[in-house]
1. Please go through segment B:189-248 and give me each residue that is surrounded by 14 or more Cβ atoms within 10 Å (Cβ to Cβ) and not in a helix (DSSP H, G or I), ordered by number.
2. Take segment B:21-46 and flag every residue that is of a type in the set (S, T, N, Q) and open to solvent by 10 Å² or more (accessible area, probe 1.4 Å).
3. Any chance segment B:201-224 includes a residue that's more than 21 Å from residue B:17 (Cβ to Cβ) and more than 23 Å from the chain's Cα centre (by Cα)?
4. Go through segment B:147-190 and give me each residue that's within 19 Å of residue B:262 (Cβ to Cβ) and of a type in the set (Gly, Ala, Ser).
5. I need the full set of residues from segment B:149-171 which are of a type in the set (A, V, I, L, M, F, W, C) and closer than 21 Å to residue B:202 by Cα, in order please.
6. Of all residues being in contact (Cβ under 8 Å) with a residue 12 or more places away in the chain and of a type in the set (A, V, I, L, M, F, W, C) in segment B:35-54, which is farthest from residue A:19 (Cα to Cα)? Just the residue, please.
7. Select from segment A:3-19 the residues that are in contact with a Pro (Cβ under 9 Å, 6 or more places away or on another chain) and closer than 17 Å to residue B:88 by Cβ and write down the one among them that is nearest to the other protein chains (Cβ to nearest Cβ).
8. Helices (runs of 4 or more DSSP H) wholly in segment B:16-129 with at least 2 residues that are facing chain A (nearest Cβ under 9 Å) - which ones?
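The values are calculated or read from the model by the stated rules, or taken from the named source; none is laboratory data. Every value quoted in this text rests on a predicted model; they were computed, and no experiment measured them. Positions of Cβ are backbone-derived with ideal geometry, glycine not excepted, and every protein chain shown enters the neighbour counts. For the accessible areas, the whole protein counts, side chains as well, though only heavy atoms, and no ligand, DNA or RNA atoms are used. Shrake-Rupley method; radii C 1.70, N 1.55, O 1.52, S 1.80 Å.
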Amino acid sequence: MNINLTFFGQMISFGILVWFTMKFIWPPLNAAIESRQKTIADGLAAAERARQELKDADSRVADEIRKAREEATQIVERANQQYNQIVDKAKVDAIAEGARQKAVAQAEIDSLSHQAREVLRQQVAALAVSGAEKILKREIDQARHRDLLDALAKEI
Amino acid sequence: MSTEAATGGLNEYITHHLTHNVVKLGTGFHLDTWLVSLVLGLLFVLWFGLKARKATAGVPSKGQAFVEIIVEFVDGQVKDTFHGDRRSVTPLALTIFMWIVFMNTMDLIPLDLPGWLVHTVAGAETAHHTYWRLVPTADLNTTLALSVSVFFILIGHALAAKGGFGFGKELLTAPFHAHGPLAFVLAPVNLFMNIIEWLVKPVSLAMRLFGNMYGGELVFMLIAGLLAGWVTFVPGIIANTAWAIFHILIILLQAFIFMILTVVYIAGAREGH
């Protein structure tokens with residue numbers, strides 16, 4: 001194994017290779033790698049952020065749906081109450097109206113029957129007088145019984 | 001299997017394959033080591049450079065994604081070990097890792113393929129005299145060049161982190177701390193310990209890689225010797241395949257070890273005792 005000029009030749013070669021690598025190979029490759037690493041890191045961070053946002057949005061949507069459902073239930077309940085109130089009120093009103101009309105009709109009936117009875121009484125009295133007149137005219141002298149007849153007329 | 005083995009036996013075959021293509025230049029110059037490593041290094045910077053030039057921060061192409069996986073793997077290792085400005089450390093680690101992986105991978109190319117190519121193109125006579133070792137990391141020149149460069153980078157980091165005075169003081173006062181006159185007695189001991197500690201780093205780095213790759217290459221050559229005979233041909237094929245598959249692990253592991261130790265040493269050089 002003889003060490004000779006080759007040794008220095010190889011040293012020079014090595015030096016040039018290292019210099020070249022340092023100058024032209026390492027910087028662009030490293031820059032590309034680092035810039036890609038940054039892009040990937042940013043992408044991952046963005047994805048994580050988007051996932052978080054999606055989760056938030058999901059929970060918000062679920063919240064909204066729950067609220068809407070509660071509101072709807074309340075509205076239906078209120079509507080049911082209102083319906084019951086309306087029906088009850090209509091029933092009461094109908095009963096009151098019926099009673100009122102019945103009272104009016106009763107009053108009318110009462111007054112009509114009263115009038116009829118009055119008319120009937122007068123007619124019966126007239127009929128009785130005229131009947132009595134007819135009987136008496138035949139048997140009793142009007143002049144003779146005038147005082148009696150007068151007393152009777154007064155009584156009627 | 002090979003002409004060399006047929007004519008000169010396994011011994012000559014291995015010797016032939018372990019001989020560098022030496023150019024008479026100063027103390028000698030391994031043309032094969034230098035050329036193969038240079039081509040592989042250029043291949044690496046060309047490949048990564050093209051991908052880096054076209055790199056987009058958006059959806060990456062498969063090629064870019066593959067390059068990015070390697071870069072991120074290396075950067076991740078550096079990040080785990082070294083806590084500081086990585087702008088110069090990661091490129092260093094990346095270059096070390098990829099270049100050594102590329103050079104180690106040359107071990108998987110069939111041993112006689114280059115020889116056969118030369119034989120086919122230029123004839124047997126030229127092939128016999130052309131030596132070509134394909135694995136640059138199985139040449140101590142390469143591994144030592146890498147580790148010594150790393151050694152200088154370590155010193156640079158230590159000086160940058162602690163300053164000339166701080167670094168010098170640390171060399172004299174660590175690992176044995178003392179106060180008063182005893183400190184002066186311990187100073188040479190500390191310096192001696194630190195010099196050993198510092199020198200061990202490049203030597204161990206270089207020797208580990210070189211030993212693994214040289215050994216791996218040698219095992220391939222020995223297995224290739226099995227392929228020369230008819231009786232041992234089938235076991236040779238099996239052994240070759242098994243060793244190649246196992247060697248893939250070594251290729252990556254040794255490159256990784258060299259890289260990670262470099263980063264660990266840099267982190268250590270920047271920290272105080």
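1. Passing the criteria: B:227, B:228, B:232.
2. At the first step, the residues of segment B:21-46 found to be of a type in the set (S, T, N, Q) are B:21, B:27, B:33, B:37.
Those that are of a type in the set (S, T, N, Q) and open to solvent by 10 Å² or more (accessible area, probe 1.4 Å): B:21, B:27.
3. Of all residues in segment B:201-224, those more than 21 Å from residue B:17 (Cβ to Cβ) come to B:201-208.
Next cut, more than 23 Å from the chain's Cα centre (by Cα) only: none.
Among the residues of segment B:201-224, not one is more than 21 Å from residue B:17 (Cβ to Cβ) and more than 23 Å from the chain's Cα centre (by Cα), which makes the answer no.
4. Correct list: B:147, B:149, B:156, B:158, B:160, B:161.
5. To start, the set of residues in segment B:149-171 that are of a type in the set (A, V, I, L, M, F, W, C) comprises B:150-155, B:158-161, B:165, B:167, B:171.
Within segment B:149-171, B:150, B:151, B:152, B:153, B:154, B:155, B:158, B:159, B:160, B:161, B:167, B:171 qualify.
6. As a first pass, look at segment B:35-54 and keep what is in contact (Cβ under 8 Å) with a residue 12 or more places away in the chain: B:36-37, B:40-41, B:43-44, B:47-48, B:51-52.
The next check asks that each one be of a type in the set (A, V, I, L, M, F, W, C); those that pass are B:36, B:40, B:43-44, B:47-48, B:52.
Values: B:36: 19, B:40: 16, B:43: 15, B:44: 13, B:47: 16, B:48: 13, B:52: 15 Å.
So the residue we want is B:36.
7. Once the filter is applied, the top-ranked residue is A:18.
8. On the way: elements: B:31-53, B:62-81, B:89-105, B:113-122, B:124-129.
Correct list: B:31-53, B:62-81, B:89-105.
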